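K.L.:
Here it is, the structure, as structure tokens.
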Amino acid sequence: MANVFESSKVVSLFKDERVLYPDFVPDVLPFRDEEVSELVFCLKPASIGRKPTNVFVFGKPGTGKTVTLKYVLNELKDYSDRAKGIYINCFEYSSKQSILARIANILGVAVPTRGVSSQEVFLRIIAVMKTTKVIPIIIFDEAEQLLSDDSTKDILYDLSRLPEQQKVLLGLVFISNDSFFLSNIDDRVKSSLQCSKIPFEPYTVPELKEILLARTKFAFFDYSLDKEVIPLCAAHAFKMGGDSRVALSVLLKAGRLAERKNSKTVSIVHVRASFLEEKPVKQEVTSNLSRQEKIILDYLSTLSKKEAESGELYKKFEGEYSDRSIRLAIALLKEKKLVSCKQVKKGNLFTRLIKKVN
């Protein structure tokens, strides 16, 4: 009896679909030359034994923050053995112990999963830094997660004070979709970090087209895409906030669907069908909100009509956040299509009605 996988034969359109995966790091990064140059300027001192500048990288999802940092780390690794890049996703490594163990292991310090306190791991990290003179460049991706627990907040304090207290050098890079991340850090830590800020703007439609064209040369065999496919993927991703990962995901799903249908090319029919599978995007958007955005959504959820006047929101969070901070958070929620805003008349004045979108 034939194996079920052997009986399922499809036309092969992909040359190497991994090029479309979100964690793929290309050899060339289009449209991020300025950001790369700024990162190089901040981190290059580590390659000659000097203190690098700490960096805060921020922007909407899919603007190339993570891939750019990984690209720069790869280049730094080839350029110098004095600096050691350490990438940490704070969703994957969410506890103080796991973060310190990750740092220690990459620095060559074997840490057992049990029986060693976080303080002992930290002391081992300091010891190897002093012995080897290696300067770690620690990348905290999804950095806002560090602020969700007191123990991980402590890591920020401990690491930021290392140069002063232990006379060792390191660089810290924080990646976040939350532009308020630094303002939410304890003032003592903020003072020690002195981060350089690098914003990542959303990609435009022409830029998304160029990114897709560059990837498809390696992802698909020649003549596998109809000419309308890339413009449609780019336009869809632009509507989703200029998110390159959406563009790549749609193209990957469209290619797989075309193969499943035994089509000789990927067409706009396959692309449109792949749009239906992009529902998780909203879930990703809501998992990467600033604290201000989250508390506004949470508050609206408690109301019977899921709506409130802007003045009510300002008063509700008065003393915790400024009116400007709440106003910006409302604008970001509207942009992400998580709330709607309508101007209404109240007496002789106009006010905005903020309503949560289901």
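Read-outs: derived from the displayed coordinates by stated rules, not from any lab. The structure displayed is predicted, hence computed values, not measured ones. Cβ placement follows ideal geometry from the backbone for every residue including glycine, while neighbour counts extend to all protein chains displayed.
K.L.:
Could you pull out the pairs from Lys209/Lys253; Lys217/Lys253; Lys96/Lys336 whose alpha carbons sit more than 24 Å apart here?
P.N.:
Beyond 24 Å: Lys96/Lys336.
K.L.:
Also, quick follow-up: Decide, for region 103-262, between rounded, prolate and oblate: order the square roots of the alpha carbon gyration tensor eigenvalues as a ≥ b ≥ c, take rounded if a/c falls under 1.5, and otherwise choose prolate if a/b is larger than b/c, else oblate.
P.N.:
prolate
K.L.:
Let me ask another. Sort out for me the Cα centre separation of region 241-257 from region 62-138, rounded to whole Å.
P.N.:
Rounded to whole Å, the Cα centres lie 31 Å apart.
K.L.:
Cβ under 11 Å from Gly49's Cβ, Gly49 left aside: what net charge do those residues give with Lys, Arg +1 and Asp, Glu -1?
P.N.:
Taking every other residue near Gly49 into account, the sum is +4.
K.L.:
Using alpha carbons only, how many angstrom separate the centre of region 14-55 from the centre of region 333-358?
P.N.:
First find each Cα centre; the distance between them is then 40 Å.
K.L.:
For the chain, what does -39500 (n - 2.57) per DSSP helix run (n ≥ 4), summed and divided by total residues, give at 222 nm, in deg cm²/dmol to the nearest 500?
P.N.:
So the helix-based figure for the chain works out to -14500 deg cm²/dmol.
K.L.:
Then there is this: Quick one: Cα centre-to-centre distance for region 294-308 and region 188-218, in angstrom?
P.N.:
32 Å
K.L.:
What number comes out for the charge environment of Ala331, summing +1 per Lys or Arg and -1 per Asp or Glu over other residues with Cβ under 11 Å away?
P.N.:
Summing Lys/Arg as +1 and Asp/Glu as -1 gives +3.
K.L.:
Quick check: net charge around Phe350, other residues with Cβ under 11 Å of its Cβ, Lys/Arg +1 and Asp/Glu -1?
P.N.:
Local charge sum for Phe350: +3.
K.L.:
For the chain, what class follows from the C-alpha gyration tensor (a ≥ b ≥ c being the square roots of its eigenvalues): rounded when a/c is under 1.5, otherwise prolate if a/b is larger than b/c, else oblate?
P.N.:
oblate
K.L.:
Take the Cβ-Cβ distance between Ser98 and Leu213 as r, set R0 to 41 Å, and report the resulting FRET efficiency rounded to the nearest 0.05.
P.N.:
Using R0 = 41 Å, I get an efficiency of 0.55.
K.L.:
Grab the Cα-Cα distance for Phe350 and Val28, subtract it from 0.36 nm times how many residues apart they are, and report the gain in nm with one decimal.
P.N.:
110.9 nm
K.L.:
Test of the criteria: in region 302-355, which GluC sites (Glu not before Pro) are in a DSSP loop and have at most 11 other Cβ atoms within 10 angstrom of their Cβ?
P.N.:
In loop regions of region 302-355 (DSSP not H, G, I, E or B), the sparsely surrounded GluC sites (Glu not before Pro) are Glu318, Glu320.
K.L.:
Could I ask something else about it? List the residues, sorted by chain then number, that are 5 or more residues from Gly171 or on another chain and whose placed amide H is less than 5 Å from its amide H.
P.N.:
Ile137, Ile138
K.L.:
Say R0 is 45 Å: what FRET efficiency, to the nearest 0.05, do Ser183 and Tyr21 get from their beta-carbon distance?
P.N.:
Step by step, r from the Cβ atoms, then E = 0.85.
K.L.:
Going by amide H atoms built from the backbone, whose H comes under 5 Å of the H on Tyr87, apart from near neighbours?
P.N.:
Ile139
K.L.:
Suppose the chain between Tyr223 and Asp78 were pulled fully straight at 0.36 nm per residue; how much longer would it get relative to their current alpha carbon spacing?
P.N.:
That pair, Tyr223 and Asp78, stretches by 48.6 nm at full extension.
K.L.:
With 23 Å as the limit, write out which pairs from Lys261/Lys337; Lys315/Lys356; Lys239/Lys315; Lys305/Lys345; Lys60/Lys305 have Cα-Cα distances beyond it, or answer none.
P.N.:
Among Lys261/Lys337; Lys315/Lys356; Lys239/Lys315; Lys305/Lys345; Lys60/Lys305, the Cα-Cα distance tops 23 Å for Lys261/Lys337; Lys239/Lys315; Lys60/Lys305.
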